[in-house]
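Trainee: Please read through the structure below; I'll follow up with questions.
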Amino acid sequence: MADWSKLPYDVIHKVAGRLSVIQDFLAFSAVCCSWRLVYLAKEWNPGPQVPVLMFSDTENSSIISFLSLYTNKVSNSELPEACGRRCWGSSSGWLVTTGNDLEIRLLNPFTHISYKLPPKSSLQISFGDFLSWYDIIERAFVFRNPCASDANEDLVVMIIYGTLKQLAFCRPGDCSWRCVKDKTHSEFIDVTCVKDQIFALSFMGSLVLIDIDNLAVSAISGQDPPRNIALSLLIGGSERISLVESSGDLWMVYQNRGGNPWRSYVESIVFLVYNFDFDNKQWVRLSSLGSRTIFVGDNTCIAVCTARYLNCESNSVYFVASKKDKGWPKRVTRVNVGVYSLRSGYSGPLCVGPDTQKHFSFPIWVMPTLR
């Protein structure tokens, strides 16, 4: 029998180069020590990735499931660092996690690298005594700084927190959160990064630019949200609005339920997508996403080009339909995962494992990365 561990390094490197999915490369590197050298040398350069859906069907288990749309398969992995903790996914591939120990951490679910973030006590929380540990952070985002020379400065973590939905950020290694104070705009609902600039959307639909160096917020004058979005923000309801970066453009994704009582919950979901015109300071509705696909979750919104992926539908939105159950994590959550086609204007369910409705951790989208 051939001893595969004694293959020349250049042959191993060529074989690894034919692997497109990060999960496959990690399995490849675990075969033996010589095969792992490619991983340790950091000489594997994967192509563009598609977000995976991370979820768990077992209570208090360290086993996490990943649905890969690239392979159309569900794989299981040991991730004890996320057991019993609320997780927020991101387009950078990192998770922000917190647990009943009130410790906030940054975690790469594929490499298991983890950083401890500043404590909750450094946040300026109003009425903090009324918030449970899983409600302190409303949303969490991880952005990369491509110009950073230090590894710890490569990642910026920003959160929307507290009852007033304020903004704060930190970097791995910081001792405290830096809170962004702004009395002009009301509570924030989403944040994204476009061309190294951080934009946030306020509760009333105002788009603002966040200067994390000076802890300043500046409004983008002249812009107003589309009328239907402004109305939904005013009256509240089941609508959801997200910001997302797409090839250097700033998009806004509006999610709502249609009025057809004969459709199921997933089938009644509709999406409208807008591009922000920086020259004229206005939102322009897009009739098509072209070769791009949007992934919308409870926290994360990611846009990628999926023309080369056979199992992904371009000009579509993959979504997790319902928000976090208020009873989580004390009881099972029931969610709906589906895909909406902008071409046809219809939604359909997306199969997620043996039971598509029942999860003990809220399903989140996360972009695979080894960095």
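Trainee: Residue by residue through region 157-179, note down the ones that are part of a strand (DSSP E or B), hydrophobic (A, V, I, L, M, F, W, C) and buried (at least 20 other Cβ atoms within 10 Å of the Cβ).
Mentor: VAL157, MET158, ILE159, ILE160, LEU167, ALA168, PHE169, CYS170
Trainee: Based on what the data block shows, is VAL317 under 19 Å from the mean Cα position of the chain (by Cα), modelled with pLDDT of 90 or more and of a type in the set (A, V, I, L, M)? Spell out how you get there, then give the answer.
Mentor: Values: under 19 Å from the mean Cα position of the chain (by Cα): yes; modelled with pLDDT of 90 or more: yes; of a type in the set (A, V, I, L, M): yes.
Yes, satisfied.
Trainee: Looking at (1) modelled with pLDDT under 85; (2) part of a loop (DSSP other than H, G, I, E, B), which is the only condition SER91 fails?
Mentor: (1)
Trainee: Which residue pairs have Cβ atoms under 6 Å apart, sit 6 or more places apart or on different chains, and have a first residue in region 11-31 that is under 18 Å from ILE113 (Cα atoms) and a second that is assigned to a helix (DSSP H, G or I) and at pLDDT 70 or above?
Mentor: From region 11-31, the pairs are SER29/TRP35; SER29/ARG36.
Trainee: Hey, another quick one. Run ILE241 past the list (1) in a loop (DSSP other than H, G, I, E, B); (2) at pLDDT below 90; (3) not acidic (Asp, Glu) and report the number of the one that doesn't hold.
Mentor: So ILE241 meets the others, but not (1).
Trainee: What number of residues within region 180-213 satisfy the criterion of being in a loop (DSSP other than H, G, I, E, B) and either outside the structural domain of CYS301 (by TED's automatic domain parsing) or within 24 Å of ASN145 (Cβ to Cβ) (or both)?
Mentor: Total satisfying the criteria: 6.
The values are calculated or read from the model by the stated rules, or taken from the named source; none is laboratory data. Because the structure is predicted, anything quoted here is derived from the model rather than measured. Using ideal geometry, Cβ is built from the backbone for each residue, glycine included, and neighbour counts are taken over all protein chains shown.
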